[in-house]
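The structure under discussion appears below in the form of structure tokens.
The values are calculated or read from the model by the stated rules, or taken from the named source; none is laboratory data. Here the structure is a predicted model, which means the values were calculated and not measured. Every residue, glycine as well, gets a Cβ built from its backbone with ideal geometry; the counts of neighbours run over all protein chains shown. Side chains included, ligands, DNA and RNA excluded: accessible areas come from the protein's heavy atoms. Shrake-Rupley method; radii C 1.70, N 1.55, O 1.52, S 1.80 Å.
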Amino acid sequence: MRTNNYLFATLLLCFFSFQITDKLFAKAPEIKILVAQYENSLEFMMPEGGTWHLGNADHGEILPGVTYKISGKLHSESQRKYHLMVATVDIMDDGSLMDITEKYQKMGYKTHNICVGEMPRYSGMPDNRVIHIGIDCYNDKDKAEAKKLELASKQIKTWIYIENIINSVGALNLSDNKQSYTGSIGRSEGYTLRSKKGTILKKVEHSKGYSWHGFENRTYLGDLNINFGFDNCLDCVETTNLEDLLVGVVPSEISSKAPKAAMEAQAIAARGEILSKKGLRHVNSGYDYCAEQHCQVYKGFQKISSDISEKIKDTIGQILMMKDYNKILDAVYSSNCGGHSSANQNIWIGFPNPHLQGVSDEKKPVVRDLTKENEVIKYITKPPVSWCGIEGYEGASKYRWDKKITKDEWKKIENKLDIGKLKKIEIIKRDVSGRIFEMKFTGAKGSKVIINELEIRQLFGGLRSSCFYAIYLKDKNGYLVGADLKGAGFGHGVGMCQTGAQSMAGAGYPYNDILKHYFPGARLIKIY
């Protein structure tokens, strides 16, 4: 029965592949994006005025240039479940689903599946639905995190899928410095702000958890909905269309001074990443994506938006498709690959994507095995000439880097690990890009294994990448007390290298050649 099901799925997939047409959408799809969160109050202003709406009945005028305040009081917190997931498979891949399920059941785990994604609206439309395979579930996030660490010590890589059950509820009130206009309770009665030419949200927090974290005023042209969300704070969600969103994403994700072809490549990659993940991110949260590094960095409308729109207009509706499947390619990207991009399955949980297996960014590629420690050390200390290492382009300074970890900083690492004073650190696995994605830490009280590239970077205080080697400092008793790290690149390294793309564009390569380099074998098509 399993073979027949798999054969049927394969035939159905082939049928879809032949039925696909260029025009999958009549126009740019509508997107809901979380642009800001506030603990209990926010201030906004509309330079040219607009209106506020509360449900379908109440509404009122927003006067030009007047600062208004929306305050909230939380009445009940949200309810969530935290699932430990071990794998993600395509909805059509019942063979892999059965294999993985059988593997973990033999290990004594009771598996469960969660299907996410959007059902295709008609035959021939790409199907992005996936099935997450879980082995445990908790009502408390800390318990899920603790179990995740425990499984990592057994070299079982997991990630936490958050299932939203019941939304938080609270009272909202709209006012200016003179009077209070109205109030509401409940998710369905959130405020919608509709401006004539933009709403300025004040003190938008951005880049939380990163060294460039801060607050700034940002302008949004689309409708803004404000209400309590699943994070027990005020969510600000903008409704816009994909092309308007991209005008804000492109300069936020790549330099606004980048050559035109690099901006075009960025627009196509971002468009595909957004569409491929629609319905997969922030499920049942009231929005499709967030405006941070987790999804897409988006700062709203900026002074340069008109210029960006002009530069990327020739790419409208263009995306990358997977060569042998009727699926939109999740065309991810990072700041600087360090000379070689990463393989997706080593950086995240999932099956290998044939277009995301890592490519050399060297101008004259040489065969190297960057999974070997000695090769990585030579590669970092004597860097080859790579597209992402050419000076004059944003991010090129991250091609190679150094970081010294002081004794005080080392103490923080030991506190995070909670295994006593560190005696030994072992690199277990490196990716094809040289990035470490599995490390073992041995301390006076035990040992821990970390099997996630991002968690390794965060453990060491927010490294630019996990492609590094270390010279450790020891005390007289042989315990580690500090380190001198030498590394390469900035970011996870999967997909398009944004610095390399700028450099290639500066050398005269058009956007289609840039995309062909970073996503070998993918098909470029226009879908609206």
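Of note:
- Distance from the Cα centroid of the stretch 41-111 to that of the stretch 421-452 is 34 Å (rounded to whole angstrom).
- Carbon + sulfur, % of accessible area of the stretch 20-154 - ligands and nucleic acids excluded, 1.4 Å: 48 percent
- Cβ charges +1 (Lys, Arg) and -1 (Asp, Glu), total dipole of the stretch 265-310, debye: 120 debye
- Only alpha carbons enter this Debye calculation for the stretch 325-385, each as an equal point scatterer, and the log10 of I(q)/I(0) it gives at q = 0.26 Å⁻¹ is -1.23.
- DSSP beta bridge pairing in the chain, given as percent antiparallel to the nearest 5: 95 percent
- The calculated FRET efficiency for the pair Lys363 and Ser397, based on their C-beta separation and a Förster distance of 22 Å, comes to about 0.75.
- Cα-based Kirkwood hydrodynamic radius, the stretch 137-272, one decimal, Å: 18.9 Å
- Remark: spin-label model distance Lys516-Lys303 equals 3.9 nm, labels positioned 7 Å along the Cα→Cβ axis.
- Too-long pairs where the Cα-Cα distance tops 27 Å, listed order kept, from Lys364/Lys486; Lys299/Lys416; Lys363/Lys440: Lys299/Lys416; Lys363/Lys440
- Ordering Ser252, Ser360, Ala331 by the projection of their Cα atoms onto the charge dipole of the stretch 242-372, which places +1 on the Cβ of Lys and Arg and -1 on the Cβ of Asp and Glu, puts Ser360 at the extreme positive end.
- Whole-percent carbon and sulfur share, accessible surface of the stretch 379-528, 1.4 Å: 50 percent
- Partners of Lys526 within straight-line reach, counting aspartates and glutamates whose Cα lies under 16 Å from its Cα and excluding those fewer than 8 residues away in the same chain: Asp22, Glu243, Glu264, Glu273, Asp314, Asp330.
- Dipole of the stretch 189-304, positive direction: furthest Cα of Met263, Phe215, Tyr287, with charges on the beta-carbon: Met263
- Using a probe of 1.4 angstrom and keeping all protein chains present, the accessible surface of the chain works out to 47 square angstrom per residue.
- Cα gyration tensor shape for the stretch 304-352, rounded if a/c is under 1.5, else prolate or oblate: oblate
- The convex hull built on the alpha-carbon positions of the stretch 199-305 has an orientation-averaged projected area of 7.0 nm².
- When the charge dipole of the chain is built from unit charges on Cβ atoms (+1 for Lys and Arg, -1 for Asp and Glu) and taken about the Cα centre, the candidate among Asn56, Leu193, Ala396 whose Cα reaches farthest toward its positive end is Ala396.
- Angle in degrees between helix 242-253 and the longest Cα principal axis of the chain, rounded to the nearest 10: 50 degrees
- Axis of helix 94-106 versus longest Cα principal axis of the chain: the two differ by about 60°, to the nearest ten degrees.
- Within the stretch 262-394: Cβ-based charge dipole about Cα centre, in debye rounded to nearest 20 (Lys, Arg +1; Asp, Glu -1): 120 debye
- Helix 407-417 axis, angle to the chain major axis (alpha carbon atoms, nearest 10°): 80 degrees
- Three-way shape call for the stretch 304-406 based on the alpha-carbon gyration tensor, with the a/c threshold at 1.5: oblate
- The stretch 397-507 - Rg (one decimal) and Dmax (whole number), Cα, Å: 15.4, 54
- Fraction of accessible area attributable to carbon and sulfur, the stretch 168-304 (%, probe 1.4 Å): 48 percent
- Ellipsoid semi-axes for the chain, based on the Cα gyration tensor and the rule √(5λ), read 37, 29, 27 Å when sorted largest first.
- Taking a sphere under 14 Å around the Cβ of Gly134 and counting the other residues whose Cβ falls inside, with K and R at +1 and D and E at -1, yields a net charge of +4.
- What you get for the stretch 202-342, charging only the Cβ of Lys and Arg (+1) and of Asp and Glu (-1), is a dipole of about 240 debye around the Cα centre.
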